[in-house]
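Trainee: Dumping the structure here so I can ask a few things about it.
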Amino acid sequence: MLVDQSYCPQHPEDADLVRAIGAEAASKLRFNDAGLIPVVVQDAESERVLMLAWMDAHALAYSLCSRRGTYFSRSRNEYWIKGLTSGHVQSVVSIDADCDGDTLLMRVVQTGAACHTGARSCFEVLPLLGEADH
């Protein structure tokens, strides 16, 4: 899929998914009743899962055209661009939808911590089953 690189608004709320990727590709994505889709964020180099977040169509369109990890915070009910305040930016390498179109995989180059706790990954804070448990 080709993103229209000539189109990139200044703010996520102004981004239009259909304009960014086209109506056909946009129609294959399945957002939940709240208008959100989960996105698994993976380190493009190590392939480690860094975090799970949510996007609406505007955040996805903005991430596609700006190449900056942009999400919709369900608790704050607002957009957040990863690293805007912390400096721990995510440079988007690729975004793929799963076979059902209801989950996204976004591969990024992560600068600094991905987790708000300061950890590199949100999935190293509470291990429930490890390789030693096999």
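The values are calculated or read from the model by the stated rules, or taken from the named source; none is laboratory data. Since this is a predicted model, take the numbers as computed values, not measurements. All Cβ positions, even for glycine, are placed from backbone atoms using ideal geometry, and neighbour counts span all protein chains on display. With ligands, DNA and RNA removed, areas are computed over all heavy atoms of the protein, side chains included. Shrake-Rupley method; radii C 1.70, N 1.55, O 1.52, S 1.80 Å.
Trainee: Over the range 12-110, give the accessible area per residue in Å² for a 1.4 Å probe, as an integer. Show your work: numbers first, answer last.
Mentor: On the way: 5030 Å² over 99 residues.
Per-residue value: 51 Å².
Trainee: Evaluate the distance, in nm, between pseudo-label points positioned 7 Å from the Cα of Ser27 and of Thr85 along their respective Cα→Cβ axes.
Mentor: 4.0 nm
Trainee: In whole percent, and with a 1.4 Å probe on the protein chains, what portion of the accessible area of the chain is carbon and sulfur? Please report the intermediate quantities before stating the final value.
Mentor: Values: 4080 of 7950 Å².
Solvent-exposed carbon and sulfur of the chain make up 51 percent of the total.
Trainee: Any chance you could run the full-extension gain for Arg120 through Asp16? It's 0.36 nm times the residue separation minus the Cα-Cα distance, nm to one decimal. Walk me through the intermediate numbers first.
Mentor: Details: separation 104, 0.36 × 104 = 37.44 nm, distance 3.12 nm.
Length difference between fully extended and current span is 34.3 nm.
Trainee: For the peptides 101-110, 64-73, what is the packing order when you average, over each peptide's residues, the other Cβ atoms within 10 Å and list the highest mean first?
Mentor: Numbers: 101-110: 18.2, 64-73: 21.2.
With the highest mean Cβ count within 10 Å placed first, the list reads 64-73, 101-110.
Trainee: Just report the Cα centroid separation between the range 31-57 and the range 83-130, whole Å.
Mentor: Cα centroid of the range 31-57 versus Cα centroid of the range 83-130: 7 Å apart.
Trainee: What angle do you read, to the nearest 10 degrees and between 0 and 90, between the alpha-carbon axis of helix 57-66 and the longest principal axis of the chain?
Mentor: That helix lies at roughly 90 degrees to the long axis.
Trainee: Another question, then. Where Lys and Arg each count +1 and Asp and Glu each count -1, what net charge lies around Ser46 among other residues with Cβ under 11 Å from its Cβ? Walk me through the numbers before you get to the answer.
Mentor: Values: positive: Arg48, Arg107, Arg120; negative: Asp43, Glu45, Glu47.
Taking every other residue near Ser46 into account, the sum is 0.
Trainee: So what's Rg/Rh here for the chain, counting alpha carbon atoms and using the Kirkwood radius for Rh?
Mentor: Working: Rg = 15.0 Å, Rh = 15.3 Å.
For the chain, the value is 0.98.
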